[in-house]
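Participant: Take this structure, written in structure tokens, and hold onto it; I'll ask about it next.
The values are calculated or read from the model by the stated rules, or taken from the named source; none is laboratory data. These figures come from a predicted structure and were not determined experimentally. Glycine gets a Cβ as well: all are built from the backbone with ideal geometry, and neighbour counts include every protein chain shown. Quick note on the areas: whole protein, heavy atoms, side chains included, nothing else; ligands and nucleic acids left out. Shrake-Rupley method; radii C 1.70, N 1.55, O 1.52, S 1.80 Å.
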Amino acid sequence: MLGGGGLITANVYASAAEGWGQEASGSGPVPTAGAATIDCPDVGTRLTSVPDGARGEVDRELALLDEQIAAAYRQFQETPQAERQDPGFTGGALMDPLKEKRAATIGRITDAIDQEGDRPQGLDELAECTLRPADDPSGDGTDGGGGQDGAAQEQNGGGQDQNGGGPAQGSGQGGNGPVASDYQDITTVQPGAQSPPRTADASRGSFTSSCGVNAGGLFNSDNVIVAPGVSNGAHHFHDYIGNQANSAFASDDDLAGADTSCVDKGDKSSYYWPVLRLQNGTRERDADAPGGGTEGNAGQIVTPRQVTLTFVGNPREKVTAMPRLLRIITGDAKAFVNGPANANASWSCTGFEDRQVKDKYPLCPAGSDVVRTFTFQSCWDGRNIDSANHRTHVAFAGADGGCPAGFRAIPQLVQRIVYDVDAPSLADGGRAVPLFAVDSFPEQLHKPVTDHGDFINVFDEDLMGEMVDCINTGGTCGADAAPAPSEEPGEPPASSAAPAPSEEPSEPPASSAAPTAGTGAEPEPGGTTGEQSAEPPAETPATEPADTGAPAVSGTTAPRVYASASPGGTASAAAPGGADAADGTPTTGPAPAGTAVAAEAGDASATGGTEPQAVEGGLADTGARLWPAALGAALVIAGFVVLRRTGRRA
């Protein structure tokens, strides 16, 4: 009887800790730690001046630094939990070799710059990295200064990484995030502050370019801006619209001669951003490819419902034409470990776009879609189309809308991407309704604060001239032109209306992607074309991005943070609800989906499509984990029977 009772108690307690007992009863979140990560100093932020003759080699070596971090993170993630606790592993087997590789690479960067100009100082001290534990975001026992890690009592909902990589560190399918505290109920966010007033010299017009939603599935894990000629430098997949020659090996001539998905063929510009995925167990064709599943970017790629590309003016002065082939990166793909200096993510929901969150994914009410906004830098130094760190040649306008000294105003790209995705079911770790997240470097853990967008201006001169004239004269121009946003430049476009009809069919991207036009290359797994490339090194812009004024609100249990703190009210961990922004009437959150049913694992190669992975947590799975308790119950019953019979004989 004692042994059986002990079995029952131990098994039920252990099962509850794994989320099984609470999932069955629906009684609140299951506590589990978020993922640890590797934090390395960003060498690119120090390289504000690189001689032209050294630029190619430096870019390749910076991309190699990213690959070294990604490889070390994969090694850490694939190591059994017991071995991770061994200081000998974290030092001798993981961090020390990483430091040696980085020191050699940084040495080559220093030598390359020294041969062409002045030798940079202080780079050697950037070789050492730290393993940032899940329960110590800053690595030194204090709260860090960047986005949040989800280490404080997060939601897992599944004891195994669904991608087959062993125990999951976070809720995500790849085992490296996202976690429950990465989400924010949009109805709890306060509306943003007003934009700077316009002066008499303001450029009040807008120009719209319509380039589709990437329904054809043009993806790769390159970044031609940061690391031309480097394969898989980004370590995550990008959506591309506009220019169809996007790959790490595309030259300026390739971009100029390529096809475009834009309605106005005078716009061959390249617009790209990390893909959004549903963490639903779907195996895309990149599931076993670099940049995809092998680096923790797993699940179904979601095609946007709508993409709006609007160029707006400046509240204080007229704009000048962008130089051809100008490169602009907004946001920071490494903001989770770099901190928020260059972060520029902005998330909201249709009908609530006066409320923006920067370090959370939004939980949208039923009938509302997720909105992702990139507001690009709008001031140019007047000389350079790029810079060593891909940041200092452009800047954000100040709080009053004016450009920094020596910079001139250019048309500001406001990129709005709408997704038809439901608010995930956080109480069960996204089993009933899957989590969604952007692709990221593996060690950035799919944090929303790492979101970023990239733009290369390949407008022809005549069309760029039309844009500038239209904006400066207060017109509303361009293909499928919509009225200018009511907000001033520097703010994401707000809307209290329902989303506009989609530009393209809102079907999931085909796992079979079309070949990239203009390159002649065959599509690689996951729709990749050609080779791949790396993410931008961060550098503080000359001026801080204009704040939307919408505070990001922390969860009910204050998480440890790596990025900017989130003042404001509290957010519910459940599906969103509360009051509608317009009339104060209650809104109902998305209805929870039915019980997830385990899918049979099939052979994706047989169909060439996607392969649903088994979903854990059904009744049979729960029963299988409670068999020791059942055995204990049998022992208790047998003990009572023996005790009763013994008593009768006595």
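Participant: State the extension gain, in nm to one decimal, for the chain segment bounded by ASP96 and ASP400, taking 0.36 nm per residue of separation less the distance between their alpha-carbons. Working shown, then result.
Facilitator: On the way: separation 304, 0.36 × 304 = 109.44 nm, distance 4.79 nm.
Between ASP96 and ASP400, full extension yields an extra 104.6 nm.
Participant: Taking LYS358 as the anchor, which lysines have their alpha carbon closer than 25 Å to its alpha carbon, excluding any fewer than eight residues away along the same chain?
Facilitator: Hits, sequence-local ones excluded: LYS334, LYS447.
Participant: Okay, next question. From the phi of every residue in segment 629-640, what ³J(HN,Hα) in whole Hz does the Karplus formula 6.51 cos²θ - 1.76 cosθ + 1.60 yield, where θ is phi - 60° and glycine or proline is x?
Facilitator: 5, 5, 5, x, 4, 4, 5, 4, 4, 4, x, 4
Participant: Now for a different question. Assuming R0 = 56 Å, can you tell me the calculated FRET efficiency for the pair ALA479 and ALA103, based on Cβ-Cβ distance, to the nearest 0.05? Walk me through the numbers before you get to the answer.
Facilitator: Working: r = 51 Å, r/R0 = 0.91.
Once rounded, the FRET efficiency stands at 0.65.
Participant: Now for a separate question. Report, by chain and number, residues whose modeled amide H sits under 5 Å from the one on ASP185, excluding near sequence neighbours (fewer than 5 apart, same chain).
Facilitator: Residues meeting the amide H criterion: LEU363, SER572.
Participant: Measure off 7 Å from each Cα along the Cα-to-Cβ vector at GLN194 and ALA82, then give the distance between these two points in nanometres to one decimal.
Facilitator: Each label point is offset 7 Å from its Cα along the Cβ direction, giving 6.5 nm.
Participant: In nm, what is the difference between 0.36 nm times the number of residues separating ALA638 and ALA71 and their Cα-Cα distance? All intermediate terms of the calculation are to be shown ahead of the outcome.
Facilitator: On the way: separation 567, 0.36 × 567 = 204.12 nm, distance 5.46 nm.
Full extension from ALA638 to ALA71 adds 198.7 nm.
Participant: Taking 30 Å as R0, compute the FRET efficiency from the Cβ-Cβ separation of ASP254 and GLU116 and round it to 0.05.
Facilitator: Details: r = 26 Å, r/R0 = 0.87.
My answer for the efficiency is 0.70.
Participant: While we're looking at this one, here's another question. Please compute the per residue accessible area over segment 269-397 with all protein chains in place, 1.4 Å probe, rounded to a whole number of Å². The partial results should precede the final answer.
Facilitator: On the way: 2580 Å² over 129 residues.
Here the per-residue accessible area is 20 Å².
Participant: Could you tell me how many cubic angstrom of Cα convex hull volume segment 361-476 has per residue?
Facilitator: Working: hull volume 21.0 nm³, N = 116.
Cα-based convex hull of segment 361-476, divided per residue, equals 181 Å³.
Participant: Still on this model: Using a/c under 1.5 as the rounded threshold, could you call segment 230-381 rounded, prolate or oblate? The axes a ≥ b ≥ c are square roots of the C-alpha gyration tensor eigenvalues, and prolate needs a/b larger than b/c, oblate otherwise. Working shown, then result.
Facilitator: Values: a/c = 1.57, a/b = 1.12, b/c = 1.40.
Oblate, since a/c reaches 1.5 and b/c is not below a/b.
Participant: Treat each spin label as a single point 7 Å out from the Cα along the C-beta direction, and report the ASN384 to LEU2 distance in nm.
Facilitator: The modelled label-to-label distance comes out at 7.7 nm.
Participant: Using a 7 Å offset from the Cα along the Cα-to-Cβ direction at both ARG648 and THR320, what is the distance between the two label points in nm, to one decimal?
Facilitator: 10.3 nm
Participant: How much of the accessible area of segment 43-134, in percent, comes from carbon and sulfur atoms when a 1.4 Å probe is used?
Facilitator: Details: 2010 of 4570 Å².
The computed percentage sits at 44.
Participant: Right, next: Leaving ligands, DNA and RNA out of it, report the carbon-plus-sulfur percent of the accessible area of segment 352-413 at a 1.4 Å probe.
Facilitator: Values: 760 of 1510 Å².
Ligands and nucleic acids excluded, carbon and sulfur reach 51 percent.
Participant: If you average 1/r over every pair of different alpha-carbon atoms in segment 300-370 and take one over that average, what Kirkwood value in Å do you get? Please report the intermediate quantities before stating the final value.
Facilitator: Numbers: mean 1/r = 0.0643 Å⁻¹.
Mean inverse Cα-Cα distance, inverted, gives 15.5 Å.
Participant: Follow-up. Might you work out the accessible area of LYS101 for me, using a 1.4 Å probe with all protein chains in place, and round it to the nearest 10 Å²?
Facilitator: About 120 Å², rounded to the nearest 10.
Participant: If I compute solvent accessible area with a 1.4 Å probe over the protein chains, what percent of it on segment 205-300 is carbon and sulfur? Intermediate results must be reported in sequence, preceding the final value.
Facilitator: Details: 990 of 2100 Å².
Looking at segment 205-300 in its full context, I get 47 percent from C and S.
Participant: Let me ask something additional. May I ask you to derive the FRET efficiency for GLU125 and ALA366 from their Cβ-Cβ distance with R0 = 51 Å, giving the value to the nearest 0.05?
Facilitator: On the way: r = 52 Å, r/R0 = 1.02.
Given R0 = 51 Å and the Cβ-Cβ separation, E is 0.45.
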